[in-house]
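See below for the structure under consideration.
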Amino acid sequence: MGDHLAGAPAEAGRGMSTRPIAIVGAGSIGVAWGLTFARGGRTVQLQDPDPARLAAVDGELRERLAALDRHGLLEEPPAAIAARVAVVAALDEAVADALHVQECAPERRDLKRELFARLDAAAPPDCSLASSSSFLPASAFAAELPGRARCLVAHPGNPPHLLPAVELVPAPFTDPGVVDRLATLLEAVGMSAVRLRREVDGFVFNRLQGALLREAYDLVRDDVIGVEDLDRVVRDGLGRRWAVVGPFETADLNTRGGIAAHAERMGPAYARMGAERGQDDPWPPDLVADVEAQRRARLPLERWDERVAWRDERLMAVAAALEDPAGDDHA
């Protein structure tokens, strides 16, 4: 099946295929995925075994579309986007002619193993099968399938219709062509497809999130800061900056001379802070050189001042967008 997939034509984006996207699981993530694909011009078949869940989809979908419309984030009337989403009770019917299946079932290995076996048997042979799993890699539930080469994880941020980043996590057996075609499809509907090179527990999104959360708990435990003030440090400081640039670009732009200069000046201090938590993770010269090379490929040092100015412009745009006329920043 992997060879068949590798030779299949790439079908993604508006006008390139009329085949639907199947969303299996109509919870909050499933509805958000359905909205995302429909907003990008795809027809969607949203399936769930619970009739109550299916009955709730239309109202939830229209409520979220109305909110997006209020903020000027739709290019079409909400009703036109909602019309692309159909609810389907039977799994086989939902995936029978699908181009891609996005599974959004609960985070249980046994459930995903059983569900992916059914999907592999029912979906067309050139249909990619991706799980929205936050922690379970595809090798944990798809390794024994005849069509395992088309299986992977496509882990979104929550909610997917507001956070475009989605991690594509192939298993060792995943056909690279499947990853390529899914990345193309996701980018065509407005997502930011990030490719992991291999499986790792928690993927990248949750490992980064977990690292910050672990330190946050430790700082509260050690009576350094309270919960609300810690949230303010992230909300009014780190979070605003990270809405514009990531941690590597932050370090690169915060020190004249770029990330190599930052590592030289700040690396020992970060190593000491890590040692306080029992983490022996210094930044060796070869690692810093690798990171610097990747940054310089993206941003030559002669454009550093230009990029700093761009960052500051974007931060001002974020500040203006977050300005609350009522003066109330706490829901």
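The values are calculated or read from the model by the stated rules, or taken from the named source; none is laboratory data. Worth saying up front: this structure is predicted, and the values here are computed from it rather than measured. FYI the Cβ positions are ideal-geometry reconstructions off the backbone, even for glycines, and counts take in every protein chain you see.
Quick one: is G157 touching a residue at least 40 places away in the same chain (Cβ under 8 Å), within 17 Å of Q102 (Cβ to Cβ) and touching a Phe, Trp or Tyr at 6+ places or on another chain (Cβ under 7 Å)? Judged against the criteria, G157 is a match.
No other residue among R197, R240, R277, R265 is over 28 Å from R314 (Cβ atoms) and either at pLDDT 95 or above or in the same structural domain as V169 (by TED's automatic domain parsing) (or both) apart from R197. Starting from residues that are closer than 24 Å to M191 by Cα and aliphatic (A, V, I, L, M), keep the ones in region 137-157 and report whichever is surrounded by the fewest Cβ atoms within 10 Å (Cβ to Cβ). Of everything passing the filter in region 137-157, A149 is surrounded by the fewest Cβ atoms within 10 Å (Cβ to Cβ). Residue pairs whose Cβ atoms lie under 8 Å apart, sitting 6 or more positions apart in sequence or on different chains, and linking a residue in region 266-288 that is in a helix (DSSP H, G or I) to a partner that is of a type in the set (K, R) and loosely packed, with under 11 Cβ neighbours inside 10 Å, do not occur here. Residues of region 95-111 that are of a type outside the set (D, E) and crowded, with 22+ Cβ neighbours inside 10 Å: V95, A98, L99, H100, V101, Q102, C104. Note on region 7-26: among residues that are within 19 Å of the chain's Cα centre (by Cα) and at pLDDT 95 or above, the one that is surrounded by the most Cβ atoms within 10 Å (Cβ to Cβ) is I23.
If you filter region 194-247 down to residues that are assigned to a loop (DSSP other than H, G, I, E, B) and among the charged types (D, E, K, R), you find that the one that is nearest to A138 (Cα to Cα) is E199.
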